[in-house]
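Read through the structure below, which is laid out as structure tokens, and then see the notes.
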Amino acid sequence: MNVKELLYEGKAKKVFITEQKDRYLIRYKDDATAFNGEKKGTIDGKGAINNTMSAYFFQLLESRGIESHFVEQVSPTEMIVKRVEIIPLEVIVRNIAAGSLSKRLGVAEGTSLKLPVVEFSYKSDELGDPLINDDHILALGLASEEEITILKKKALQINEILSEYLEQSGITLVDFKLEFGKLDNGDILLSDEISPDTCRFWDSTTKERMDKDRFRRDLGNIEEGYKKALERVLGGER
Ligand code: UDP
């Protein structure tokens, strides 16, 4: 598919307009940022790993009835997706306390939560993606009540499918962030990516981190962590 022009460049991906009106091409980059862009770096091979893992998960989810924007992986770092309008919400699902939840609520990292928690953040670089609740979303007109219900339901279904799959590969899905987009007809599709940049993957036995915390927290062996996560995902059951 011929690429026409760059539509948008984000921190980890570029989005291109294609000759086909209802398709975009996404190119995943090796650039890494954390703490709202304050920490910058490059992780060799990250673009290919995140693209390949996202493509794999989107197909797994599709086979389980969860539609996404994914159409086809066209190169190690590129995929074709359906054109959607991204809902400006980060939908975060947590199974185990970590990161900002641990900090905010004073719960030790690694503490199992009694039930999966769904959180929303307002996607805004300027504001640092603040946590918001259902009433804020309605008050700002970011999504309707019905859409909020759909987002929560889909996020929890995705959590069940991915957690179960990953556990068989020796990975505990601690938490993750999803983004959703809307087609012209209003249908809501899972969008963005599902990768070590957007999920916390812990080795089920050793609790070794195989995700972006290796970069955020200067844990070393960043590339190896990402590679190991992808190998486990593609390897399926151990
Ligand atoms: N996350 C993300 N993008 C963001 C914020 C969070 O992909 O802008 C992911 C993050 O990788 C983790 C989960 O969402 O898997 C929960 O992140 P948390 O709120 O703990 O924030 P962090 O510790 O990254 O500041």
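The values are calculated or read from the model by the stated rules, or taken from the named source; none is laboratory data. Bear in mind the structure is a predicted one, so any value in this text is a computation, not a measurement. Don't worry about glycine lacking a Cβ; one is built from the backbone with ideal geometry, like all the others, and counts go over all protein chains shown.
Remarks
Per-residue answers, yes or no, for (1) away from the ligand (no atom under 15 Å from the Cβ); (2) surrounded by fewer than 18 Cβ atoms within 10 Å (Cβ to Cβ):
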| position | (1), (2) |
| --- | --- |
| Leu142 | yes, yes |
| Glu145 | yes, yes |
| Gly181 | yes, no |
| Phe201 | no, no |
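- Identification of strands (runs of 3 or more DSSP E) wholly contained in region 134-238 with 3 or more residues that are of a type outside the set (A, V, I, L, M) yields 171-182, 199-203.
- Qualifying positions in region 28-83 - within 24 Å of Lys123 (Cα to Cα) and among the polar types (S, T, N, Q): Thr33, Asn36, Thr42, Asn50, Asn51, Ser54, Ser68
- Complete set of residues in region 67-108 that are over 16 Å from Asp22 (Cβ atoms) and in contact with a Gly (Cβ under 8 Å, 6 or more places away or on another chain): Pro76, Thr77, Ile87, Ile96, Ala97, Ala98
- Of all residues in region 86-126, those satisfying the criterion of being more than 12 Å from the ligand (Cβ to nearest atom) and without any contact (Cβ under 8 Å) to a residue 40 or more places away in the chain are Gly106, Ala108, Thr111, Ser112, Leu113, Lys114, Leu115, Glu126.
- Test: Glu78 is of a type in the set (Asp, Glu), touching a helix residue (DSSP H, G or I) at 6+ places or on another chain (Cβ under 8 Å), more than 11 Å from the ligand (Cβ to nearest atom) and touching a residue at least 12 places away in the same chain (Cβ under 8 Å): yes
- Qualifying strands (runs of 3 or more DSSP E) (wholly inside region 1-48; at least 2 residues being modelled with pLDDT of 95 or more, more than 17 Å from Cys199 (Cα to Cα) and out of contact with any Gly (no Cβ under 8 Å at 6 or more places or on another chain)): 3-9, 13-18, 23-28, 39-42
- Residue selected from region 49-78 under the condition part of a loop (DSSP other than H, G, I, E, B) and among the charged types (D, E, K, R), by the criterion surrounded by the fewest Cβ atoms within 10 Å (Cβ to Cβ): Arg64
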